[in-house]
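Here the structure is laid out as structure tokens; the discussion comes afterwards.
The values are calculated or read from the model by the stated rules, or taken from the named source; none is laboratory data. Just so it is clear, the structure is predicted and the values come from calculations on it, not from any experiment. Positions of Cβ are generated from backbone atoms using ideal geometry, with glycine treated the same way; all protein chains shown enter the neighbour counts.
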Amino acid sequence: MMKLNKSKEDNSKSDGYLTGKLLVANPFLDDGQLTRSVIYVCGHDAHGAIGLIVNKPASDLTLKKLLIQLEIQGAYEMEDTPVYYGGPVEISRGFVLHTTDYKTDSTVSVNADFSVTSTLQVLRALGKKDGPEKFLVCLGYVGWGAAQLDQEIQERGWLIIDGTPGLVFDAYLETKWRTSLMTIGVDPLIFSLESGHA
């Protein structure tokens, strides 16, 4: 499994050029759990890539319910915001993708706008209203082996756009995939109409 950090050994295009980007599923991609997904790439290097799906809620689980289950102080005062299905790998493992105003020794800085923390400490901070300003709590992640993601991109499975806080944190959950496509001028409705007349 690829670790969530940045490699400084190689500055070639195959090393890290996707870190901090959003992968938007091609409208024609029909891959079960990844169909119509938007994935924030937390890390990418010669060994592979790791990302978090940022537009699919985990079924029947909210942040309030999660914090109550974990007996986090302040849980009952939390809003019922969704917990996200981060991906099919290690589905019981939690990650918090957040703004850079929060940092601990275990926080991994992705870039100037995003960090990731995967310890209970950040959930406790959220319960105390002392956490990051904006965040997504994700269960599981998406992982790729060496060159696997590059191959999927060459096969046009993914469109690449800049990962902005507006898209990741503020866009409506129900329309985040379409909104992401529209930022590069792709209207998924046109694709669905064309496929309907094939």
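Scanning the stretch 3-19 for residues that are surrounded by fewer than 13 Cβ atoms within 10 Å (Cβ to Cβ), at pLDDT below 50 and within 12 Å of HIS47 (Cβ to Cβ) yields GLU9, ASP10. In this structure, is ASP162 among the charged types (D, E, K, R), touching a helix residue (DSSP H, G or I) at 6+ places or on another chain (Cβ under 8 Å) and in contact (Cβ under 8 Å) with a residue 12 or more places away in the chain? No. The helices (runs of 4 or more DSSP H) falling completely within the stretch 119-198 that include 2 or more residues that are at pLDDT below 90, surrounded by 14 or more Cβ atoms within 10 Å (Cβ to Cβ) and not charged (D, E, K, R) map to 188-196. Would a scan of the stretch 77-93 turn up a residue that is in contact (Cβ under 8 Å) with a residue 60 or more places away in the chain, closer than 23 Å to THR164 by Cβ and among the hydrophobic types (A, V, I, L, M, F, W, C)? No. Please enumerate the residues belonging to the stretch 20-46 that are in a loop (DSSP other than H, G, I, E, B), surrounded by fewer than 21 Cβ atoms within 10 Å (Cβ to Cβ) and modelled with pLDDT of 95 or more. Passing the criteria: only GLY20. Counting the residues of the stretch 79-102 that are in a loop (DSSP other than H, G, I, E, B), at pLDDT 95 or above, in contact with a Ser or Thr (Cβ under 8 Å, 6 or more places away or on another chain) and not polar (S, T, N, Q) gives 1.
Picking from residues in the stretch 49-65 that are out of contact with any Leu (no Cβ under 7 Å at 6 or more places or on another chain) and assigned to a strand (DSSP E or B), the one that is surrounded by the most Cβ atoms within 10 Å (Cβ to Cβ) is ILE53. SER106 versus (1) in contact with a strand residue (DSSP E or B) (Cβ under 8 Å, 6 or more places away or on another chain); (2) surrounded by 14 or more Cβ atoms within 10 Å (Cβ to Cβ); (3) part of a loop (DSSP other than H, G, I, E, B): which is the lone unmet condition? Just one mismatch for SER106, condition (2).
Of the residues in the stretch 43-55, at least one is of a type in the set (A, V, I, L, M), closer than 20 Å to SER180 by Cα and in contact with a helix residue (DSSP H, G or I) (Cβ under 9 Å, 6 or more places away or on another chain).
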